[in-house]
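**Student:** Supplied in structure tokens, the structure appears directly below.
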Amino acid sequence: MLLQISEPGESQIKEACKQRVVGIDLGTTNSLVAYVADGSPIVIGEDPIVPSVVKYAGKDVVVGREAVGVDGALASVKRLIGRGMKDIESVRKLLPYELVGDDRSVKLVVDGKEVSPVEVSAEILKSLKLRAEAALGGPIEGAVITVPAYFDDAQRQATRDAGRLAGLEVMRLMAEPTAAAVAYGLDRGSQGMYAVFDLGGGTFDISILKLVEGVFEVRATGGDSALGGDDLDRAIATGIVPELATLPRAEVTKLVAEARRVKEALTDREAEAFAGKNVRVDRAQLREWAKPLLERCLKACRRVLKDAELTREQLDGVILVGGSTRSPVVREAVAEFFAKQPLADLDPDQVVALGAAVQADVLGGGEQQVVLLDVVPLSLGVEMMGGVVEKLIHRNTTIPTGATQTFATYADNQTGFDIHVLQGERETADACRSLARFTLRGVPPMIAGMARVEITFLVDADGLLKVMAKELTTGKEASIEVKPSYGLSDEEVERMLIESFEFAETDLALRNLLTERVEAERILAATRGAFVSDAAASEHLLDPEVRVAGDAAMQALETAMAGDDHLKIRAAIEQLDLATKPFAQARMNRAVEAQLRGLTLDEAESQVSH
Amino acid sequence: MAVESPSSSNFFELLGLPARFDLDPSLIERAFFDRSKELHPDRFASAPAAERVAALSRSRALNDAYQTLKKPVGRAQYLLERAGVTIGDNERLDPAQIMEVLEAREELAEARAAGNTAKIEQLQTAMRTKRAAALSDLEKAFAADDTAGVKATLISLRYIDRYLEECDAALDEE
């Protein structure tokens, strides 16, 4: 039945929007628009690069080249889109305009009026739309707009809103490195395993894709979304003028602009004078200033390779994307890291727009048959007893996807089950991003561990998460839809990822502590319960001396639990075990013999590990 | 960890593959790519809502199927589950193996405490060799229709993989 419906549906689409769809690369520094003509994508305009700069002049709005360098022009707005004030704290000082806002959004102050990053971005998109309409001779019916692979839901949503505001039908938001891979795959017939190294003005993405016969499978993606050419400009300016951060805003803007000019000049020249400072900068100097930034890039590269379970040698090629990869300093570092000469034969400024044009053509009913398999950028999970995160869906899982897991109640007669949904790579709940909390009520009162709750995560093709919970004995259900990265800023995503690696050890210690505390609580409850039931039984197995020793050991364990040394808790647990051993043995002898004979590995490990 | 959703059909059928262990990885990948071309939600971008929902759930099941079957351990576990054999959280190794694992762990812990990267790498390589041997055991057990052997090997692999994760974590500290 479904297939019968699909046939007319598809042919209608083909007829309806066969023509005039475009791909747009909405960049931090520059933007471009491209379309597919006779089967191959081309960028639009004699000078296709439109600087992402907007100047409001009374009723008029000037966009692009003419707005560059004009007093009060707005640049690098992409760094603000879909962000709250807190998220942009680190870049705020360096942006040459005033900002107001709250935790959810920011606005730019222009001539006393407030304008949102969405509106500014929409002006850029409008200008690109006009450009495309002039070139194609009619209204644009659909557009694919690219976003950094690491853009979160709020940022994607805001970008989509900007498209709508510009009067565009946004057919899809596409990851920038994926778009670049599509362009290479089709233009160069590239097949195999490729890394896309995308260093733009304000973002860095690294993706590994398998390209084969029209399928583009993202194997792993990573990045550092607060890192780009802008940061290198500032590093150069700071290198020349160490007190840069303390200077007035206008001065900073001027110095950073000169740093950028010097950086760009060093692409073709060995040395260049830094105007007004009587200093010459050479490539060796630039290399040194760039080193910490490149090291951050390469760190992300290493992690993505590991996630993809690949070695550098297994890559068929490395594709360079983004204006910042024009710099020889960047190219050298990439070539050295991957031990191969990176591909840059398609213009790194244009390649993203070209790939987006291809995807627009596909969605608009064009001839190309291309399938993109994208992934979840950050793991999704729930909080467990003790604040530990249980991951249900791991990062780099192909979307759409889903996962189901069953959890047992922790306490006797527990009637509610709190579900805390989290995103991030860290082991503990408070180090991950909280997405949602909800409670499943009406769990039938039972002994701890008897009532079971099944939790299901579903992620759709747009990366949106839906969580459902079901109590298994009664079938009671609760569900909630969450946007997985709602309100999660780029920097937060990136910080969470970086921290999860840098602090893996701290995390492990904390996880051990939480695990031991839970274990201690369980043992205390079990011991108390056994003491009580023994007192009530007709035949007492508990020796009064053992009782005294047991009480003392329980008290010692409670003291240890109040501290934060998991080894001490573990030792106290073992002491309690030891103290109550005669009693436990007596109980065990009486109990059914068949069980508990063999030693499980986990038990064995817990005995020898300390 | 992909989990079969209650409604999903047999993962092998979904990929159009025979339900067996010895499958060429490139064959599985090709099957996945071919199916993705038919089922990916992009292909139904402008279809009626009901059809989009159906496409989404089929595509999700397809991705889960691939995730589960693409690697030998997942594939073996899935085949075992379908044969009605489950592996619990506290499965027992035989005593000789327990001793072996415990010793290897102690060695790793010592090397880690001493910050001896070369030693950790050596232990990692040794364990990888063991893993390769276990995978070949798995294949033999499937060929011989030896369900108990498959289960025992999967349990060993669980400990081997956990050990290799610890090696990774130890090397990351450097």
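**Student:** Determine the sum of side-chain charges near A:A339: Lys and Arg each +1, Asp and Glu each -1, restricted to other residues whose C-beta is under 14 angstrom from that of A:A339.
**Tutor:** Within the 14 Å Cβ shell, the charges total 0.
**Student:** While we're looking at this one, here's another question. Which parts of the range A:191-231, residue by residue, lose 40 Å² or more of accessible area when the rest of the protein chains are there, as against the chain isolated (1.4 Å probe)?
**Tutor:** A:E213, A:V215, A:E217
**Student:** Here's another thing I want to ask about it. If only Cα atoms are counted, what is the Rg of the range A:109-193, and what is its Dmax, in Å?
**Tutor:** 15.5, 54
**Student:** For a Förster distance of 45 Å, can you work out the FRET efficiency between the beta-carbons of A:K113 and B:A114, rounded to the nearest 0.05?
**Tutor:** Given R0 = 45 Å and the Cβ-Cβ separation, E is 0.10.
**Student:** As a test of the definition: which semi-axes, in Å, follow for the range A:94-235 when you take the square root of five times each eigenvalue of its alpha carbon gyration tensor? Largest first, please.
**Tutor:** 29, 22, 13
**Student:** Okay, moving on. Cα to Cα, under 19 Å, and not fewer than 8 places away if on the same chain: which lysines meet these conditions relative to A:K126?
**Tutor:** Reachable lysines: A:K55, A:K59, A:K78.
**Student:** Hey, rough spin-label estimate for B:T86 and B:T129, points 7 angstrom out along Cα→Cβ, what's it come to in nanometres?
**Tutor:** 3.8 nm
**Student:** Please give the residues from the range A:360-383 for which the solvent-accessible area of heavy atoms, probe 1.4 Å, is smaller by at least 40 Å² with all protein chains in place than with the chain isolated.
**Tutor:** Those are A:L363, A:V371, A:L373, which lose 40 Å² or more relative to the chain on its own.
**Student:** Quick one: accessible surface of B:L138, probe radius 1.4 Å, all protein chains present, in square angstrom to the nearest 10.
**Tutor:** The accessible area of B:L138 comes to roughly 0 Å².
**Student:** Estimate for me the total accessible surface buried between chains A and B (protein heavy atoms, probe 1.4 Å, no ligands or nucleic acids), in Å² to the nearest 100.
**Tutor:** That pair of chains buries around 3600 Å² in total.
**Student:** If you only keep lysine pairs separated by 8 or more in sequence, or across chains, how many in chain B come under 27 Å at the Cα atoms?
**Tutor:** Number of lysine pairs found: 12.
**Student:** Sticking with this structure for a sec: For the range A:517-592, what does the equivalent ellipsoid look like in terms of its semi-axes, each the square root of 5 times an eigenvalue of the Cα gyration tensor, given largest first in whole Å?
**Tutor:** 24, 11, 11
**Student:** Please arrange A:M450, B:M127 by accessible surface area, largest first, computed with a 1.4 Å probe and ligands excluded.
**Tutor:** The ordering from most to least exposed comes out as A:M450, B:M127.
**Student:** Once you list every other residue whose beta carbon is under 9 Å from the beta carbon of A:D307, what net charge do they have if Lys and Arg are +1 and Asp and Glu are -1?
**Tutor:** Within the 9 Å Cβ shell, the charges total +3.
**Student:** Would you mind computing, in nm to one decimal, how far apart the modelled labels at A:V70 and A:N278 are, each placed 7 Å from Cα along Cα→Cβ?
**Tutor:** 3.7 nm
**Student:** Here is a follow-up. Using the heavy atoms of the protein chains alone and a 1.4 angstrom probe, what is the accessible area of the protein assembly as shown per residue in square angstrom?
**Tutor:** 46 Å²
**Student:** Also: At a 1.4 Å probe, what is the % contribution of carbon and sulfur to the accessible area of the protein assembly as shown?
**Tutor:** Result for the protein assembly as shown: 51 percent of the exposed heavy-atom area is carbon or sulfur.
**Student:** In whole angstrom, how long is each semi-axis of the equivalent ellipsoid of the protein assembly as shown, when you take the square root of 5 times every eigenvalue of its Cα gyration tensor and sort them from largest down?
**Tutor:** That gives 51, 32, 27 Å for the three semi-axes.
**Student:** Which GluC sites (Glu not before Pro) in the range A:307-358 pass both tests, a DSSP loop state and at most 11 other beta-carbon atoms within 10 Å?
**Tutor:** For GluC sites (Glu not before Pro) across the range A:307-358 that sit outside H, G, I, E and B with at most 11 neighbouring Cβ atoms in 10 Å, the list reads A:E309.
**Student:** If you place +1 on the Cβ of every Lys and Arg, -1 on the Cβ of every Asp and Glu, and leave all else neutral, what size is the dipole of the protein assembly as shown about its Cα centre, to the nearest 20 Debye?
**Tutor:** Charge dipole of the protein assembly as shown: 1140 debye, to the nearest 20.
**Student:** Taking the convex hull of the alpha carbon atoms in the range A:207-290, what volume per residue do you get, in Å³?
**Tutor:** 139 Å³
**Student:** With all protein chains present and a 1.4 Å probe, how do A:K581, A:K107, A:K340 order by accessible area, largest first?
**Tutor:** A:K581, A:K107, A:K340
**Student:** When only C-alpha pairs under 8 Å and at least 6 residues apart count, what is the relative contact order of chain A, in percent?
**Tutor:** 12 percent
The values are calculated or read from the model by the stated rules, or taken from the named source; none is laboratory data. Everything numeric in this text was worked out from a predicted model, so none of it was measured. With ideal geometry, Cβ positions are generated from the backbone for all residues, glycine too; neighbour counts draw on all protein chains shown. Heavy atoms of the whole protein, side chains included, go into the accessibility calculation; ligands, DNA and RNA do not. Shrake-Rupley method; radii C 1.70, N 1.55, O 1.52, S 1.80 Å.
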